[in-house]
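A.B. asks: I'd like to ask some things about the structure below.
The values are calculated or read from the model by the stated rules, or taken from the named source; none is laboratory data. Computed from a prediction, not measured in an experiment: that's the story for all the values here. Cβ placement follows ideal geometry from the backbone for every residue including glycine, while neighbour counts extend to all protein chains displayed. Surface accessibility is based on the protein's heavy atoms, side chains included, excluding ligands, DNA and RNA. Shrake-Rupley method; radii C 1.70, N 1.55, O 1.52, S 1.80 Å.
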Amino acid sequence: MSVTPGGFDTGTELGVIDDGTSILLTGDDESALREVFYRLVAAGDDEESVVLATNDRGRVVTRELDGVAAGAGDRACVLACEGRASGDRIAAVDDPGDLTTLGLELSALVADARQQADRLRVGVFLCSSLCAAADDTRSVYRFLNSNFLSHLRRNEAVGICAIDTSADIGANVDSVVSGMETSFGARIDIVESGPGGTTVAVSGLPSVDGEVELSL
Amino acid sequence: MNTRTVLCIDEEGAVADTAEALSADSTLDPITRTTVAEASEAITEEPVACVVTEYDLADGSGLDVVDTLRAERPQTPCVLYTDVRPGEVDTASFEELIVEYVSKDLPDATEQLAFVVEDLIDHSAQVGFLRPDNEESRLEALSAYDVDELPIEDSFDRLTDLIASHFDIEVAFVGLIEEDEEDFLACSGADWDSLTREDTICTHSMLQEDVMVVEDVQADSRFSENEQLRTLGIRSYAGANMTTPDGHVIGQVCALDNEPRTFSEPERADLQRFAETAMEILELRQSLLSARTETEVDV
């Protein structure tokens with residue numbers, strides 16, 4: 001079960017992220033969230049990505065990854081809640097509220113990805129969509145514990161869980177986020193985004209603390 | 001050495017292999033069943049540390065077993081250990097059960113199963129609530145208080161009566177949040193002993209810096225499907241943290257009502273002061289007990 005230590009290079013001002021770090025990524029601008037998310041989850045040469053995409057087709061995900069780093073889409077296993085499955089690398093689920101299937105598929109994809117590489121980046125985009133789709137939020141927490149945070153711990157992987165704070169999740173989103181924040185190792189909150197760049201507030205990462213402007 | 005019982009369910013002939021895979025870990029004690037009915041009976045009879053089940057069973061599916069497990073022992077972890085691919089699992093009636101999945105087709109399937117089972121048990125990794133990242137030290141801080149030995153019952157009974165009267169609410173309580181449940185030290189307006197942690201609002205409230213208010217439990221998706229809260233008649237909630245001098249949140253002081261209601265900023269500040277008072281009582285009683293114990297040892 002050993003992996004090569006050394007952290008995960010983000011290729012951004014966020015620097016290198018330690019093995020096993022779980023990151024809660026928040027913001028109310030979905031396009032900025034998307035940009036930061038894919039920058040963090042795209043696999044380097046000796047890595048694999050596993051992405052759960054609640055609102056996108058699998059091909060959209062691999063294109064986004066390729067846009068960050070050439071070939072990153074080929075180093076990804078995708079679980080998409082839109083579109084169809086394709087080959088061994090893209091699985092599909094009809095309903096983001098079917099958290100049982102999402103958990104089974106995500107665990108299977110992580111196991112498949114581990115056959116390809118020891119070093120994994122695992123991402124959920126968007127967890128707020130899971131909260132909105134689930135009947136019982138306890139199921140989302142159980143899913144995060146069992147099928148997301150556990151994989152990061154067991155595989156010393158880096159994980160990114162994105163929440164659109166403008167989404168209607170049927171509960172006070174600020175309260176949900178501040179509760180979730182305590183279970184994650186780091187938090188990246190998008191403060192401002194525009195043509196000039198994206199400013200994020202960071203806590204829990206070794207190389208950055210406080211506000212930093214990302215040149216994405 | 002403590003052993004952890006793992007309930008293994010598979011067809012006759014295969015279940016022994018599953019048990020053998022787990023027996024390699026001397027801390028795990030596998031017991032076997034071969035049907036949904038037998039497994040459900042075992043789950044109901046006594047708690048186990050983990051459940052490992054095949055999907056295809058003679059009288060149903062592994063998810064039928066998980067369904068019983070979630071109803072009877074919601075915080076017990078479960079692994080679906082099968083050669084059936086996830087896409088072939090029928091989840092139509094089980095969309096929010098959540099289990100771990102290990103494929104029997106993996107080249108190192110038995111090693112993976114033992115590794116995952118041990119990890120799930122060690123980290124209580126399938127509970128329906130989020131834990132603070134300092135949970136281990138928080139539980140250590142909580143265990144430092146000899147609650148059973150402290151003469152706190154009368155003090156807390158008076159305090160919760162006072163809280164209920166002050167806010168004109170149905171129920172007020174002081175609760176300590178243990179690893180798997182919340183224990184109520186005092187409860188005015190109801191006769192509650194303990195609740196499974198994932199059924200409590202306090203396990204959410206303890207993660208907030210400020211007093212957490214849920215004006216209408218039925219309008220909040222975190223709690224609206226929680227049958228336990230409905231059964232207890234909890235419709236509105238306000239909870240304040242009991243924080244130890246070294247910063248660990250070990251419990252909550254709460255004000256509940258059976259109808260939606262708001263809590264003003266001054267009321268929230270009052271509740272926080274009640275929580276600080278409860279913590280002071282606990283702290284002082286513990287100091288007194290420790291001093292007496294030391295004196296007895298010296299004598």
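A quick yes/no check of all residues on (1) within 7 Å of chain B (Cβ to nearest Cβ); (2) open to solvent by less than 10 Å² (accessible area, probe 1.4 Å); (3) touching a residue at least 60 places away in the same chain (Cβ under 8 Å); (4) not in a strand (DSSP E or B):
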residue: A:Glu105; (1), (2), (3), (4): yes, no, no, yes
residue: A:Ala113; (1), (2), (3), (4): no, yes, yes, yes
residue: A:Val124; (1), (2), (3), (4): no, yes, yes, no
residue: A:Ser129; (1), (2), (3), (4): no, no, yes, yes
residue: A:Arg138; (1), (2), (3), (4): yes, no, no, yes
residue: A:Phe143; (1), (2), (3), (4): yes, yes, no, yes
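A.B. asks: Scan the stretch B:94-144 for residues that are of a type in the set (Lys, Arg) and in contact with a strand residue (DSSP E or B) (Cβ under 8 Å, 6 or more places away or on another chain) and jot them down.
C.D. replies: Narrowing the stretch B:94-144 to residues of a type in the set (Lys, Arg): B:104, B:131, B:138.
Within the stretch B:94-144, B:Lys104, B:Arg138 meet the criteria.
A.B. asks: For a quick check of your reading of the model, give me the residue pairs whose first member lies in the stretch B:17-40 and is assigned by TED's automatic domain parsing to the domain that holds B:Val52, whose second is among the basic types (Lys, Arg), with beta-carbon atoms closer than 8 Å and at least 6 apart or on different chains.
C.D. replies: Listed by first residue and then by second, the contacts come to B:Thr27/B:Arg4; B:Leu28/B:Arg4; B:Asp29/B:Arg4; B:Ala39/B:Arg33.
A.B. asks: Only residues in the stretch B:175-204 that are not assigned by TED's automatic domain parsing to the domain that holds B:Asp148 count as the first member; pair them with residues that are buried (at least 21 other Cβ atoms within 10 Å of the Cβ), Cβ under 8 angstrom, at least 6 apart or cross-chain, and list the lot.
C.D. replies: none
A.B. asks: Within the stretch A:153-160, does at least one residue satisfy the condition of being assigned to a loop (DSSP other than H, G, I, E, B) and facing chain B (nearest Cβ under 10 Å)?
C.D. replies: no
A.B. asks: Return the residue satisfying two criteria in turn: it lies in the stretch A:78-103 and is touching a residue at least 12 places away in the same chain (Cβ under 8 Å) and assigned to a helix (DSSP H, G or I), and of such residues it is farthest from A:Arg142 (Cα to Cα).
C.D. replies: Here the answer is A:Leu102.
A.B. asks: Checking the conditions here, which among A:Asp164, A:Asp168 is of a type in the set (Asp, Glu) and within 14 Å of chain B (Cβ to nearest Cβ)? Can you show your working first?
C.D. replies: Working: A:Asp164 fails: within 14 Å of chain B (Cβ to nearest Cβ).
When all the criteria are applied, what remains is A:Asp168.
A.B. asks: Could you check, for the stretch B:28-37, whether at least one of its residues is open to solvent by less than 40 Å² (accessible area, probe 1.4 Å), of a type in the set (Ser, Thr, Tyr) and within 16 Å of B:Glu100 (Cα to Cα)? First the steps, then the outcome.
C.D. replies: Of all residues in the stretch B:28-37, those open to solvent by less than 40 Å² (accessible area, probe 1.4 Å) come to B:28, B:30, B:34-36.
With the extra rule that they be of a type in the set (Ser, Thr, Tyr), the set shrinks to B:34-35.
Right, trim to within 16 Å of B:Glu100 (Cα to Cα) and you get none.
No - not one qualifying residue is present in the stretch B:28-37.
A.B. asks: Quick one: count up the residues across the stretch B:53-65 that are within 12 Å of chain A (Cβ to nearest Cβ) and assigned to a loop (DSSP other than H, G, I, E, B). Show your work before the answer.
C.D. replies: At the first step, the residues of the stretch B:53-65 found to be within 12 Å of chain A (Cβ to nearest Cβ) are B:55, B:61-63.
Filter once more, so that each one left must be assigned to a loop (DSSP other than H, G, I, E, B): B:55.
Qualifying residue count, the stretch B:53-65: 1.
A.B. asks: Which of the residues that make up the stretch B:128-172 are under 19 Å from B:Arg273 (Cα atoms) and either buried (at least 17 other Cβ atoms within 10 Å of the Cβ) or outside the structural domain of B:Thr262 (by TED's automatic domain parsing) (or both)?
C.D. replies: B:Ile152, B:Ser155, B:Phe156, B:Leu159, B:Thr160, B:Ile163, B:Ala164, B:Phe167, B:Ile169, B:Val171, B:Ala172
A.B. asks: Based on what the data block shows, is B:Ala58 open to solvent by 10 Å² or more (accessible area, probe 1.4 Å) and not assigned by TED's automatic domain parsing to the domain that holds B:Arg197?
C.D. replies: On the way: open to solvent by 10 Å² or more (accessible area, probe 1.4 Å): yes; not assigned by TED's automatic domain parsing to the domain that holds B:Arg197: yes.
Criteria met by B:Ala58.
A.B. asks: Just the residues that are in contact with a strand residue (DSSP E or B) (Cβ under 7 Å, 6 or more places away or on another chain), more than 16 Å from A:Arg34 (Cα to Cα) and away from chain B (no Cβ under 14 Å), please, taken from the stretch A:60-88.
C.D. replies: Matches in the stretch A:60-88: A:Arg75, A:Ala76, A:Glu82, A:Gly83.
A.B. asks: Could you name every one of the strands (runs of 3 or more DSSP E) located completely within the stretch B:66-181 that has at least 3 residues being within 14 Å of chain A (Cβ to nearest Cβ) and at pLDDT below 95? Explain how you work it out, then say what you get.
C.D. replies: Values: elements: B:78-82, B:100-103, B:171-177.
Correct list: empty, since no element meets the threshold.
A.B. asks: Confirm whether A:Gly179 is modelled with pLDDT under 95, open to solvent by less than 10 Å² (accessible area, probe 1.4 Å) and either in a helix (DSSP H, G or I) or facing chain B (nearest Cβ under 10 Å) (or both).
C.D. replies: Yes.
A.B. asks: May I pose another question? Does the stretch A:76-91 include one or more residues that are more than 17 Å from B:Gln126 (Cα to Cα), open to solvent by 30 Å² or more (accessible area, probe 1.4 Å) and of a type in the set (A, V, I, L, M, F, W, C)? Talk me through it step by step, then tell me what you get.
C.D. replies: Within the stretch A:76-91, the subset more than 17 Å from B:Gln126 (Cα to Cα) is A:76-91.
Still in the list and also open to solvent by 30 Å² or more (accessible area, probe 1.4 Å): A:82-89.
Subsequent filtering for residues that are of a type in the set (A, V, I, L, M, F, W, C) retains A:85.
Yes: the stretch A:76-91 contains one or more residues that are more than 17 Å from B:Gln126 (Cα to Cα), open to solvent by 30 Å² or more (accessible area, probe 1.4 Å) and of a type in the set (A, V, I, L, M, F, W, C).
A.B. asks: Out of the stretch B:38-48, which residues are open to solvent by 30 Å² or more (accessible area, probe 1.4 Å) and in contact with a helix residue (DSSP H, G or I) (Cβ under 7 Å, 6 or more places away or on another chain)? Working first, answer last.
C.D. replies: Looking only at the stretch B:38-48, we keep the residues that are open to solvent by 30 Å² or more (accessible area, probe 1.4 Å), and these are B:38, B:41, B:44-47.
Within the stretch B:38-48, just B:Thr44 meets the criteria.
A.B. asks: Would it be correct to say that B:Ser264 is of a type outside the set (A, V, I, L, M) and more than 14 Å from every other protein chain (Cβ to nearest Cβ)?
C.D. replies: Numbers: of a type outside the set (A, V, I, L, M): yes; more than 14 Å from every other protein chain (Cβ to nearest Cβ): yes.
Yes: the conditions hold for B:Ser264.
A.B. asks: Now for a separate question. Across the stretch B:212-229, which residue is nearest to B:Gly251 (Cα to Cα) among those that are open to solvent by less than 20 Å² (accessible area, probe 1.4 Å) and more than 10 Å from chain A (Cβ to nearest Cβ)?
C.D. replies: B:Leu229
A.B. asks: Which number in (1) surrounded by fewer than 18 Cβ atoms within 10 Å (Cβ to Cβ); (2) in contact with a strand residue (DSSP E or B) (Cβ under 7 Å, 6 or more places away or on another chain) marks the one condition that A:Val36 misses?
C.D. replies: For A:Val36, the failing item is (1).
A.B. asks: While we're here: If I ask for residues that are open to solvent by 30 Å² or more (accessible area, probe 1.4 Å) and in a helix (DSSP H, G or I), which ones from the stretch B:15-27 would you list?
C.D. replies: B:Ala16, B:Asp17, B:Glu20, B:Ser23
A.B. asks: Now for a different question. Can you find a residue in the stretch B:285-294 that is at pLDDT 95 or above and either of a type in the set (S, T, N, Q) or part of a helix (DSSP H, G or I) (or both)?
C.D. replies: Kept after step one, since they are at pLDDT 95 or above, are these residues of the stretch B:285-294: none.
No, because not a single residue in the stretch B:285-294 is at pLDDT 95 or above and either of a type in the set (S, T, N, Q) or part of a helix (DSSP H, G or I) (or both).
A.B. asks: Examine the stretch B:231-254 for a residue that is among the basic types (Lys, Arg), open to solvent by 20 Å² or more (accessible area, probe 1.4 Å) and under 24 Å from the mean Cα position of the chain (by Cα), and state whether such a residue exists.
C.D. replies: Applying the first criterion (among the basic types (Lys, Arg)) to the stretch B:231-254 yields B:235.
Okay, now just the ones that are also open to solvent by 20 Å² or more (accessible area, probe 1.4 Å), so B:235.
With under 24 Å from the mean Cα position of the chain (by Cα) added as a condition, the list becomes B:235.
Yes: the stretch B:231-254 contains one or more residues that are among the basic types (Lys, Arg), open to solvent by 20 Å² or more (accessible area, probe 1.4 Å) and under 24 Å from the mean Cα position of the chain (by Cα).
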